[in-house]
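Just below is one structure, and these are the notes that go with it.
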Amino acid sequence: MKKILVTGGCGYIGSHTIVDLIANGYEVISIDNLSRGFQQTMNGVGEIVGKPVKNYMVDLCHLEDVRAVFEENQDIAGIIHFAAYKSVGESVNKPLEYFRNNLTSLLNILQCAREFDVDNFVFSSSCSVYGNAETLPVTELEPMKEAQSPYARTKQMGEEICADFVKANPGFKVILLRYFNPVGAHPTSLIGELNETPENLVPVITQTAIGKRNSMTVFGNNYDTRDGSCIRDYIHVMDVAHAHTLAMSASFADILASDCEIFNLGTGAGVSVLELIAAFERVSGCKLSYKIGARREGDVVAVYADNAKARAALGWDITYDMDAMMDTAWKWEQQLARTAQKIMFN
Ligand code: WQD
């Protein structure tokens, strides 16, 4: 049973990926300092997979502490590196924190990969590296555009650091996975996106629907799109998770075209903000209260994926549709409300 180190395993995509890795026969350990993740999430993972998953509460910016994890786990066969700050808005206000955290943690984990001969590496990247892409749907050949935020720039720089590291270390393989917009939650509602004050659309919708927020704002309906609101490629987090398992397996099987491969993880369908709200209302039966407001700084007008390369090279497919995305997101929000009530009244 190969052992995979997942950094950021107590976070949203990391936790769902751990569930998928274990379901596919891998052993997993996590490094997460809980600055953005939650031990509660890892407890949920344990409930789903039927056994506890070990998380090392270590700051990846402290090289000695990261080394100690590798010393204790000399059988790590692969690494999936999720751990990073990821709020577009926050990164605009705190660029140094974003560069320090996201880049130092990457440098340290790569350093340990080399020192401990771990040659299979998956890097969590983002469609935000494309900026305002010229052509849609966007393929992996689309050149990176000017980053719209320090967050996006840390992803662009992270990809280039990985590519240079591969060139300097023959035999080391890296796979760059560019996520579009992961949404939804595990069907058991035992894990999902945990964020009291989210900025991204789907948790804002579900918090508004459940009454945690009085209303929400659609940031602009005067864009040059079919209904004036921005278009994105929303993809179920479980489909994103499974792509990581397939990428790790492909790396071990050494079947990819090069030692540094890039894959888009999107459904290929562009959906507008207003269309997503309508889909949520249809699936949940809730009428959402929202107002139309000003555009949000840094938003790209439209971006959605050409995912043919990941389908062909990884044997990856989309298994959750928009209804499932909305349904699992809504069920997760309702579960959170029940848990909060229990805590409040116990
Ligand atoms: C989507 C659309 C908003 C909130 C994502 C992730 C980010 C990174 C990059 C992975 C936009 C609109 C939102 C609201 C709104 N992902 N919106 N009202 O900006 O595509 O960023 O991709 O690395 O972590 O969040 O996603 O969900 O913030 O916005 O109208 O209250 O919804 O303007 O058009 P975005 P988002």
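The values are calculated or read from the model by the stated rules, or taken from the named source; none is laboratory data. Computed from a prediction, not measured in an experiment: that's the story for all the values here. Counting neighbours? That spans all protein chains shown, and the Cβs are built from the backbone with ideal geometry, glycine included. All accessible areas refer to the heavy atoms of the entire protein, side chains included, with ligands and DNA or RNA removed. Shrake-Rupley method; radii C 1.70, N 1.55, O 1.52, S 1.80 Å.
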Column: log10 I(q)/I(0), Debye, Cα scatterers of segment 76-193, q = 0.12, 0.17 Å⁻¹: -0.49, -0.93
Per-q log10 I(q)/I(0), segment 180-328, q = 0.08, 0.16, 0.18 Å⁻¹ (Debye; single scatterer per alpha-carbon; no solvent): -0.26, -0.92, -1.10
Viscosity 0.890 mPa s, temperature 25 °C, Stokes-Einstein D of segment 144-256 from Kirkwood C-alpha radius, µm²/s: 140 µm²/s
Pairwise centroid distance, computed over Cα atoms, of segment 287-317 with segment 230-270, Å: 15 Å
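In terms of the ratio Rg/(2.2 N^0.38 Å) built on C-alpha atoms, what value belongs to segment 249-333?
On the way: Rg = 17.4 Å, N = 85, 2.2 N^0.38 = 11.9 Å.
So segment 249-333 has a normalised radius of gyration of 1.46.
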Radius of gyration and Dmax over the Cα atoms of the chain, both given in Å: 19.4, 58
Overall Cα dimensions of segment 1-69 - principal axes, largest extent first, Å: 31, 25, 17
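Calculate what fraction, in whole %, of the accessible area of the chain sits on carbon and sulfur atoms when a 1.4 Å probe is rolled over the protein chains.
On the way: 7760 of 14860 Å².
Carbon and sulfur together cover 52 percent of it.
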Principal axis dimensions, segment 1-115 - Cα atoms, whole angstrom, descending: 41, 31, 19
From phi via Karplus (6.51, -1.76, 1.60), per-residue ³J(HN,Hα) for segment 142-155 in Hz, x at Gly/Pro: 4, x, 4, 9, 3, 4, 8, 7, x, 4, 4, 5, 5, 6
Amide H contacts of CYS260 (H built 1.01 Å from N, under 5 Å, at least 5 apart or other chain): VAL174
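Quick one: work out the % antiparallel among DSSP beta bridges in the chain, nearest 5. Mind dumping the intermediate values first?
Numbers: 2 of 40 bridges.
Roughly 5 percent of the beta bridges in the chain run antiparallel, per DSSP.
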In Hz, Karplus ³J(HN,Hα) per residue of segment 55-60 (6.51, -1.76, 1.60; θ = phi - 60°; x = Gly, Pro): 10, 8, 7, 10, 7, 5
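Just flag the trypsin sites (Lys or Arg not before Pro) in segment 190-230 sitting in loop per DSSP whose Cβ has no more than 11 other Cβ atoms within 10 Å. Mind showing how you got there, number by number?
Working: sites: LYS212, ARG213, ARG226; in loops: LYS212, ARG213, ARG226.
Here no trypsin sites (Lys or Arg not before Pro) fit, given the DSSP loop and packing criteria.
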Under 5 Å, built H, 5+ apart or other chain: amide partners of ILE80: LEU5, VAL6, THR7, VAL122
Whole-Hz couplings from phi, Karplus 6.51/-1.76/1.60, listed for segment 275-282; x for Gly and Pro: 5, 5, 4, 5, 5, 4, 4, 5
For the chain, calculated [θ]222 nm from helices alone, where every DSSP H run of n ≥ 4 adds -39500 (n - 2.57): -14000 deg cm²/dmol
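Suppose all protein chains stay in the model; what accessible area per residue would a 1.4 Å probe give for the chain, in Å²? Let's see the in-between values first.
On the way: 14860 Å² over 346 residues.
Ligands and nucleic acids excluded, the figure is 43 Å² per residue.
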